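The values are calculated or read from the model by the stated rules, or taken from the named source; none is laboratory data. Fair warning: this is a prediction, and the values are worked out from it, not measured in the lab. Counting neighbours? That spans all protein chains shown, and the Cβs are built from the backbone with ideal geometry, glycine included. Surface areas here come from the heavy atoms of the whole protein model, side chains and all, with no ligands, DNA or RNA. Shrake-Rupley method; radii C 1.70, N 1.55, O 1.52, S 1.80 Å.
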Amino acid sequence: MAKKAAYRKKRQNRMAMILVTIVVLMMFVVVAIKSVELREKKEFYELRVAQLQEEIDAEMARTEEIEEYGKYTQTKKYVEEVAKDKLGLVYEGEIIFKDEN
């Protein structure tokens, strides 16, 4: 009878070890899959950050251009150009040559 009890305990221990091994393997697989998913997300977000940084840089350059244009519109030269081009005004004594085309 002691042999049967020892055999039964040995068998139970073996089953417990198999079950523990299976659980550990399952956890390893889940962690590996999640790790791959996280790497993919990280790559996606890094690309998104790079795209957004490019957009920010483009908008900053555009802002600088707008500021420069704003400063230019406050100059006398700009006022003269608008007066000549859009209003057809000229300085007194100035001669205008026009193309025949």
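Anyone know which of A16, A32, A58 comes out most mobile in the 10 Å Cα GNM of the chain?
A16
Distance in nm between label sites at V29 and L47, each 7 Å beyond Cα in the beta-carbon direction?
That separation, rounded to one decimal, is 2.9 nm.
Per residue of region 46-54, what does 6.51 cos²θ - 1.76 cosθ + 1.60 with θ = phi - 60° give for ³J(HN,Hα)? Whole Hz please, x for Gly and Pro, Karplus curve as stated.
So the J values, rounded to whole Hz, are 5, 5, 5, 4, 5, 4, 5, 5, 5.
What do you reckon, how do D57, D99 stack up by accessible area (1.4 Å probe), largest on top? Let's see the in-between values first.
Numbers: D57 85, D99 140 Å².
Correct descending sequence by accessible area is D99, D57.
L89: accessible area at probe 1.4 Å, nearest 10 Å²?
Approximately 100 Å² of L89 is accessible to the 1.4 Å probe.
Could you give me the percent of Cα pairs per 5 Å distance bin for region 20-101, shortest bin first, beginning at zero and ending with the bin that holds the maximum distance?
Going from the shortest bin to the longest, the percentages are 3, 10, 8, 9, 7, 7, 7, 6, 6, 5, 5, 4, 4, 4, 3, 3, 3, 2, 1, 1, 0.
Quick one: accessible surface of I66, probe radius 1.4 Å, all protein chains present, in square angstrom to the nearest 10.
Counting only protein heavy atoms, the figure is 100 Å².
Under a point spin-label approximation (7 Å from Cα along Cα-to-Cβ), what is the I18-D57 distance to one decimal in nm?
Here the answer is 6.1 nm between the modelled labels.
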